[in-house]
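Every read-out reported here was derived from the displayed coordinates using simple, explicitly stated rules and does not represent laboratory data. These numbers were taken from a predicted model, which means no experiment stands behind them. All Cβ positions, even for glycine, are placed from backbone atoms using ideal geometry, and neighbour counts span all protein chains on display.
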Amino acid sequence: MGERMLFVYLEMWYGVFLWTAVSSLIFHLPAALISLATLRQHKIARFMPIAILLMGILGPVCGGVLTSAAIAGVYKAAGKTMMSFEAFVFGVGQSFCVVLISFLRILATL
């Protein structure tokens, strides 16, 4: 019974994490391409797309792992199972919140 519960937890965690990673790349890839197109002539800023892509990968790997585990833990503690659509909503919601907070922080510095 315990092994089955661990499998259910890992399945929920993986679903949320996978959607977080995919949606983060979907948000960051166009930003990197736009940055590459507009800053390609600049001496130093031409490397900005690399930083943007790294943030699109490292963000979900560092923060997305923890938040996905917390969401799956709450579902497991409540004794509920997670549907695929719920994992999608939580994963994309995490990425959207990160993009929104990042955008608002940039505006605060202007």
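Each label was represented as a point 7 Å from its Cα along the Cα-to-Cβ direction; for Thr81 and Leu10 these points are 1.8 nm apart. Remark: Met55, Met83 ranked as Met83, Met55, counting other beta-carbon atoms within 10 Å and listing the fewest first.
Across segment 45-59, rounded Karplus estimates of 3J(HN,Hα) from the backbone phi angles (6.51 cos²θ - 1.76 cosθ + 1.60, θ = phi - 60°) give 6, 5, 8, 4, x, 5, 5, 5, 5, 4, 5, x, 9, 6, x Hz, Gly and Pro being marked x. Going by neighbour counts of Cβ atoms within 10 Å, the residues Thr20, Thr38, Thr109 line up, fewest first, as Thr109, Thr38, Thr20. State the answer as a single residue: which of Gly73, Met48, Leu100 lies farthest towards the positive end of the charge dipole of segment 2-109, with beta carbon charges of +1 for Lys and Arg and -1 for Asp and Glu, about the Cα centre. Projecting each Cα onto the dipole axis, the largest value belongs to Met48. Charge dipole (Cα centre; +1 on Lys/Arg Cβ, -1 on Asp/Glu Cβ; no other charges) of segment 2-109 amounts to roughly 380 debye. A crude spin-label estimate for the pair Met48 and Leu100, with each label 7 Å from Cα along the Cβ direction, gives 2.5 nm. A simple rule links phi to the HN-Hα coupling: the Karplus curve 6.51 cos²θ - 1.76 cosθ + 1.60 with θ = phi - 60°, which for segment 29-34 gives 5, x, 5, 5, 5, 5 Hz, with x for Gly and Pro.
Can you give the calculated 222 nm mean residue ellipticity of the chain, where each DSSP H run of n ≥ 4 adds -39,500 (n - 2.57) and the sum is split over every residue, rounded to the nearest 500 deg cm²/dmol?
-28500 deg cm²/dmol, from helical runs alone.
Kirkwood radius for segment 19-110, taken over all pairs of different Cα atoms as the inverse mean of 1/r, rounds to 14.6 Å. This ranking places Lys80, Lys43 by how few other beta-carbon atoms lie within 10 Å of each, fewest first, which gives Lys43, Lys80.
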